[in-house]
Ligand code: UDX
């Protein structure tokens, strides 16, 4: 089997590389010649654990290549995956499909023989039909089927998610296209991965419904965390107590500063828009979007409270800027709301992130970027733990205390145990968990 992957962003690069690992011949295509040059020189433009080694071994094996020449790649392919960006359109929150449709036109002009055109990008319901219409318009003689095959990759564990998925969803009613997709995912049949064949529209909706459900689950536990704080309950134990019920499940019940990233904010908003336009509004999701946006903004208040109501002239150490660990991605990260609010309140911010600082510099220009967590904490009045990178999980607390002006920590990811922090002499607040009173210890 031979495929082309159009777009070497996060999804395209990971999916293309993983298909080549499955034994498929893959050509990754991008218009950005510099990016293709870098990839051909073995440089990986994104941070994703394990990806560089996997790219290198498959390139060496001759199964993976990179090019700017879409026509040549598509002409030789049994299937062409569209994995270009679908950013939120400014103003109306809809997914911007111009890149998808432009790719469809180019693919149409280049295809030879029967070709399966697969949408891998997250696209609103109905996009697959429109892609088919565009291809037919461009090339009335073309022999093709359009398939929806959404990705469920999490940044930081994308390779594992591709290689050992909970399920694969394939939207097409064409037996011929189904057979091509079956061949591509042949390896997964060996590990008995459920492969779900649906109609095109159903598959498109599954992707949005999955992400929206997860975003709702997070938002639910975040609100329960707020309630825990009022009534003196512990959200960690509440999450465990409900999550052990298999009907609820334990995952995605970790309270925090609000969800961010390249998918949840964009997909929840796009689904809200689609549902409103179709006259079947998703009121739960509308509320989730609203709560999450407000939550991210409100997090700075917690830092203010920890500093007795004023940040004027104070220094805040911020540990972690990316929207989650093991990525360099800053898209819709809670830090983009929290850090400017701290600066606005008069604070000087000293930040450190293991991978995100290059990207952060352009987005958060008014802060000092530090060499490591301890450098960030030097002379600070308070430390805010914003992203749960492993290296922040085992800080040397004695060293931290010696560097900080005052031993105050606001832990927005519940990384530390309140009792331990109090015992270590910290004034400590976290999300939805009571902190023991040191005078009662
Ligand atoms: C998500 C989906 O998980 C994936 O299936 C889809 O393909 C793309 O979007 P990703 O954005 O990489 O993946 O990250 P994920 O691990 O899902 O986290 C998203 C956000 O939710 C992060 O900001 C994270 O910190 C937050 N989160 C997650 C919580 O606050 N609590 C949780 O319990 C889980």
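Contour minus end-to-end for residue 308 and residue 280, with contour as 0.36 nm per residue of separation and end-to-end as the Cα-Cα distance? Before the final figure, lay out the partial values.
Details: separation 28, 0.36 × 28 = 10.08 nm, distance 4.62 nm.
Result for the pair: 5.5 nm of gain on full extension.
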Checklist outcome for this item: Output ordering of 26-32, 164-170 (per-residue mean of other Cβ within 10 Å, highest first) is 26-32, 164-170
Checklist entry - Taking only Cα atoms, what is the 0 to 90° angle, nearest 10, from helix 175-184's long axis to the longest principal axis of the chain? => result 50 degrees
Next on the checklist: Rounded to two decimal places and with Rh computed the Kirkwood way over Cα pairs, what is Rg over Rh for region 119-243?
Outcome noted: 1.14
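How long is the gain from residue 138 to residue 242 if the chain were fully straight, where each residue apart is worth 0.36 nm and the alpha carbon distance is subtracted? List each step's numbers first, then the result.
Details: separation 104, 0.36 × 104 = 37.44 nm, distance 5.33 nm.
Roughly 32.1 nm would be gained on extension.
Work out the FRET efficiency for residue 43 and residue 437 from their Cβ-Cβ distance, taking R0 = 51 Å, and round it to the nearest 0.05.
Details: r = 53 Å, r/R0 = 1.04.
With a Förster radius of 51 Å, E is 0.45.
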Item to check | Label-reachable residues, region 71-93, where backbone N falls under 20 Å from a point 7 Å from residue 2's Cα toward its Cβ | outcome: 71-83
Item to check | Using alpha carbons only: equivalent-ellipsoid semi-axes of the chain, gyration tensor based, whole Å | outcome: 43, 24, 20
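So if we plug the beta-carbon distance of residue 105 and residue 294 into 1/(1 + (r/R0)^6) with R0 = 41 Å, what FRET efficiency do we get, rounded to 0.05? Please list the in-between numbers first.
Working: r = 41 Å, r/R0 = 0.99.
Once rounded, the FRET efficiency stands at 0.50.
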Checklist entry - Arranged from highest to lowest average of other beta-carbon atoms within 10 Å per residue, in what order do the peptides 17-23, 222-228 appear? => result 17-23, 222-228
Next on the checklist: At q = 0.18, 0.21 Å⁻¹, what log₁₀ I(q)/I(0) does region 35-161 have when each alpha carbon counts as one equal point scatterer in the Debye sum?
Outcome noted: -1.13, -1.30
Checklist entry - Regarding region 296-440, what is the average projected area of its C-alpha convex hull, in nm²? => result 7.7 nm²
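Assuming R0 = 22 Å, what is the FRET efficiency of residue 213 and residue 92, from their Cβ-Cβ distance, to the nearest 0.05? Can you show the working numbers first?
Values: r = 24 Å, r/R0 = 1.07.
The value I calculate is 0.40.
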Next on the checklist: I'd like the orientation of helix 10-21 relative to the chain: the angle between its Cα long axis and the longest Cα principal axis, in ° from 0 to 90, rounded to 10.
Outcome noted: 60 degrees
Checklist entry - In nm, what is the difference between 0.36 nm times the number of residues separating residue 424 and residue 399 and their Cα-Cα distance? => result 7.9 nm
Checklist entry - Taking every eigenvalue of the Cα gyration tensor of region 41-100, multiplying by 5 and rooting it, what semi-axes result, largest first, whole Å? => result 28, 19, 9
Next on the checklist: Quick check: the angle from helix 264-277's long axis to the longest principal axis of the chain, C-alpha only, nearest 10 degrees?
Outcome noted: 60 degrees
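We did not get these values from a lab; they are worked out from the coordinates using the rules stated. As the structure is a computational prediction, the values presented were derived from the model and not from experiment. Every residue, glycine as well, gets a Cβ built from its backbone with ideal geometry; the counts of neighbours run over all protein chains shown.
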